[in-house]
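A short worksheet on the structure shown next.
Every read-out reported here was derived from the displayed coordinates using simple, explicitly stated rules and does not represent laboratory data. Here the structure is a predicted model, which is why all the values come from computation and not from measurement. Here the Cβ is made from the backbone with ideal geometry for all residues, glycine too, and neighbour counts use every protein chain on show.
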Amino acid sequence: MKITIINGPNLNLLGKREPDIYGTRTFEDYFEELKNKFPAIELEYFQSNVEGDLVSKIQEAGFNSAGIILNAGAYTHTSVAIGDAVSAVPSPVIEVHISNVFAREEFRHKSFISPHCNGIIVGLGLDGYNLAISYLQIQHSS
Ligand code: DQA
C-alpha cells in the first residue's frame with residue numbers, strides 16, 4: 001500500500017518557520033518517524049512551493065497511490081487548480097493543516113480543497129499526518 005504526502009509552499013521551512021505556530025521539528029525528521037511507525041506502508045513525500053508542480057503531483061499520485069495526504073499551505077485558500085486536481089483523481093485525499101486555520105485570520109477559513117476531499121484534519125500539529133495515514137490504512141483494509 002502506497003500513501004503520498006504532499007506539502008505545499010513554505011512547508012519546507014518547518015522547524016524554522018514561525019515555530020510558535022508550526023513547531024520546531026523539520027518535516028524530514030518527522031517523516032523518518034512516520035516511516036518507522038508504518039513499516040508496512042510505502043510512504044512517499046513530496047514538497048513544492050510551485051502551484052503547478054503540486055497539481056502535477058496530485059495527478060500522478062492520485063492514480064498510483066492508495067491515498068494522498070495534502071497540506072497545500074497557503075494555496076489551500078486560493079487555488080481552484082489544486083481543488084480541481086483533487087476532484088479529478090480516484091484516490092482518497094485527506095486535507096491536513098498543522099495549525100487550526102479556523103482560529104486564525106479569516107482568509108484562512110476558506111478552502112478550495114476541502115469540498116473535494118474525503119476528510120480534513122486541522123489544528124492537531126504534525127500528528128494530523130499520522131492520523132490521516134491511520135485512517136487510510138483502516139479504509140484500505142476494510
Ligand atoms: C497551513 C495553514 C495555511 O493557512 C498556511 O498558509 C500554511 C500552513 C497549516 O498547515 O497550518 O502554510 O496549511
With point charges of +1 on the Cβ of Lys and Arg and -1 on the Cβ of Asp and Glu, referenced to the Cα centre of the range 6-102, which listed residue (Pro19, Gln47, Asn64) lies farthest in the positive direction of the dipole?
-> Pro19
Given backbone amide H placed at 1.01 Å from N, residues whose amide H is under 5 Å from that of Gly15, ignoring those fewer than 5 places away on the same chain, are Arg25
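Return the FRET efficiency for the residue pair Ala88, Glu42: r is the Cβ-Cβ distance, R0 is 22 Å, and the value is rounded to the nearest 0.05.
On the way: r = 23 Å, r/R0 = 1.03.
Working from the Cβ atoms, E equals 0.45.
Using helices alone, what [θ] at 222 nm do you get for the chain, with -39,500 (n - 2.57) per DSSP H run of 4 or more residues, divided over all residues and rounded to the nearest 500?
Working: 5 runs with 50 residues, N = 142.
When only DSSP H runs of four or more count, the value is -10500 deg cm²/dmol.
Mind putting a number on the dipole of the range 2-141 about its Cα centre? Charges go on the C-beta only, +1 for Lys and Arg and -1 for Asp and Glu, and I need it in Debye to the nearest 20.
Dipole of the range 2-141, to the nearest 20 debye: 140 debye.
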For the residue pair Leu131 and Glu33, what label-to-label distance in nm results when each label sits 7 Å from Cα along the Cα-to-beta-carbon direction?
-> 1.5 nm
Other-chain or far-sequence residues with amide H under 5 Å of Ile121's (modelled H) = Glu95, Val96, His97
Keeping to pairs on different chains or 8 or more places apart, tell me how many lysine pairs in the range 2-141 have Cα atoms under 23 Å apart.
-> 6
Residues whose modelled amide H sits under 5 Å from the amide H of Gly67, counting only those 5 or more places away in sequence or on another chain, are Thr4
Linear extension gain, Thr26 paired with Phe63, 0.36 nm per residue minus alpha-carbon span = 10.5 nm
For the chain, with a Gaussian network of springs between Cα atoms less than 10 Å apart, report the residue from His97, His77, His109 with the top mean-square fluctuation.
-> His109
With only alpha-carbon atoms counted, please give the Rg and Dmax of the chain, in Å.
-> 13.9, 40
For Ile138 and Arg104 in one chain, what is 0.36 nm times their gap in residues minus the Cα-Cα distance, to one decimal in nm?
-> 9.1 nm
